[in-house]
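Computed from the coordinates by the stated procedures, all read-outs in this text should not be read as laboratory data. Note that the coordinates shown come from a computational prediction; the quantities given were computed from them, not determined experimentally. All Cβ positions, glycine included, derive from the backbone under ideal geometry; neighbour counts span all protein chains shown.
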Amino acid sequence: MRDPFDLDNPHSTLAGVRPKTVVVDPLPTPSKLYARALSGVFKRNRPTRLPPLRLVRQAALIDPGDLGHYMRVCGFIPEHGVPLTYPHLLAFPLHLLMLTDPAFPWPALGLVHLANRVRLRQPLYMRDVLRIEVEFGALLRHDKGQAFVLHTRIYRRGEAVWDGDSVYMKRGIAASGAVLAPLEIERHALQRAARWQLPAQLGRDYAKASGDYNPIHLHPLTARAFGFPRAIAHGMWTFARAASALQPPKVLLNAEFSAEFKLPMLLPSDVSLWSSSPGTTLRELEVRDAAGDKPHLRGRLQWT
């Protein structure tokens, strides 16, 4: 079976099409990005066609202050160095620009973030200056709608150092493409490893650290407008918090972390981390509710 994350996948709407490259400099402010997202709320459904577009940041700095704020909110320690999840934040403004592009067929607000995979190819360091490229990948079939991949590639002095794949879904759309394969782990081997108390302001704290001000994470009133009883935690916070809890206290030479987002995690709440160690440098995991019954995130983390 072909990798559904492959840009050359025949089910991609971009197969054989050379994307238009646009350099983004300077970045829009978060307020402008979310104004753009809100302006597209009433976008009518269009044919399922992802725009052949590549957005580029030519010189994204790993700023020590921004990095430190992120590490504190997500539970990383100095011994971890630059976390393997952090580069996603440098790419996130480009993601939002892609999802709010006039040629993108659906409103950005209301998309469901289904899964994420990040791969660290070489260690990253504070004050590194990176080139970031983002473009759409394959269409994927899901039983609740049309899913698709958003690719990120990051380079340092021309050498690939990190890449990521984010899978989103538009509900209620007739789907095409390869079937989105589930992440398989040995769930019966998982054991409770930790319990976390999530405060009501966690969504606002992570928004300040990440630039992700999606209203479903900020306040009960704004979350209710999108059908949630109260604010929910960012999936990428849960992703990062699991990584910080399970990776060893050292700088990773390379690593890969794949995860699926399951049930939303309401704020405030208590949740539990469950994990197993199939290998010395491999962890399988779930973040569940406090009782350990319902999964919020399922993942696999491997490193050297």
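Do you know the relative contact order of the chain, to the nearest whole percent, from alpha carbon pairs under 8 angstrom that are 6+ apart?
So the answer I get is 19 percent.
Give, as ranges by residue number, the residues of the range 54-84 whose backbone N falls under 17 Å from the point 7 Å along Cα→Cβ of Glu159.
82
At R0 = 25 Å, how high is the FRET efficiency between His69 and Leu38 if r is their beta carbon distance? Nearest 0.05 is fine. It would help to have the intermediate numbers written out before the result.
Numbers: r = 26 Å, r/R0 = 1.02.
The calculated FRET efficiency here is 0.45.
Could you list Phe92, Phe239 in order of exposure, starting from the residue whose Cβ has the fewest other Cβ atoms within 10 Å?
Phe92, Phe239
Using R₀ = 41 Å, calculate the FRET efficiency as 1/(1 + (r/R₀)^6) where r is the Cβ-Cβ separation of Gln201 and Val17; round to 0.05. Show your work: numbers first, answer last.
Working: r = 44 Å, r/R0 = 1.07.
Using R0 = 41 Å, I get an efficiency of 0.40.
Could you work out the relative contact order of the range 148-207? I mean the mean sequence separation of Cα pairs under 8 Å and 6+ apart, divided by the number of residues, in percent.
22
Among Asp25, Asp128, rank each residue by its count of other Cβ atoms within 10 Å, from fewest to most, as a rough exposure measure.
Asp25, Asp128
Find the centroid of the Cα atoms in the range 42-82 and in the range 186-236, then give the distance between the two in whole Å.
Each part reduced to its Cα centre gives a spacing of 17 Å.
When Thr238, Thr100, Thr281 are ordered from fewest to most other Cβ atoms inside 10 Å of their Cβ, what list results?
Least to most surrounded, the residues fall as Thr281, Thr100, Thr238.
Full extension from Glu256 to Asp289: what is 0.36 nm times the residue separation minus their Cα-Cα distance, to one decimal in nm? Could you put the intermediate results ahead of the total?
Working: separation 33, 0.36 × 33 = 11.88 nm, distance 2.49 nm.
Separation in residues times 0.36 nm, less the Cα-Cα distance, equals 9.4 nm.
Report the gain in length on full extension from Ala103 to Ala194: 0.36 nm times residue separation, minus Cα-Cα distance, nm rounded to one decimal. Intermediate results must be reported in sequence, preceding the final value.
Details: separation 91, 0.36 × 91 = 32.76 nm, distance 4.40 nm.
Taking 0.36 nm per residue and subtracting the Cα distance, the gain is 28.4 nm.
I'd like the FRET efficiency for Thr281 and Arg171, computed as 1/(1 + (r/R0)^6) with the beta carbon distance as r and R0 of 41 Å, rounded to 0.05.
The calculated FRET efficiency here is 0.65.
Counting Lys and Arg as +1 and Asp and Glu as -1, each charge on the Cβ, what is the dipole of the range 63-128 about the Cα centre in debye, to the nearest 20?
Dipole size: approximately 200 debye.
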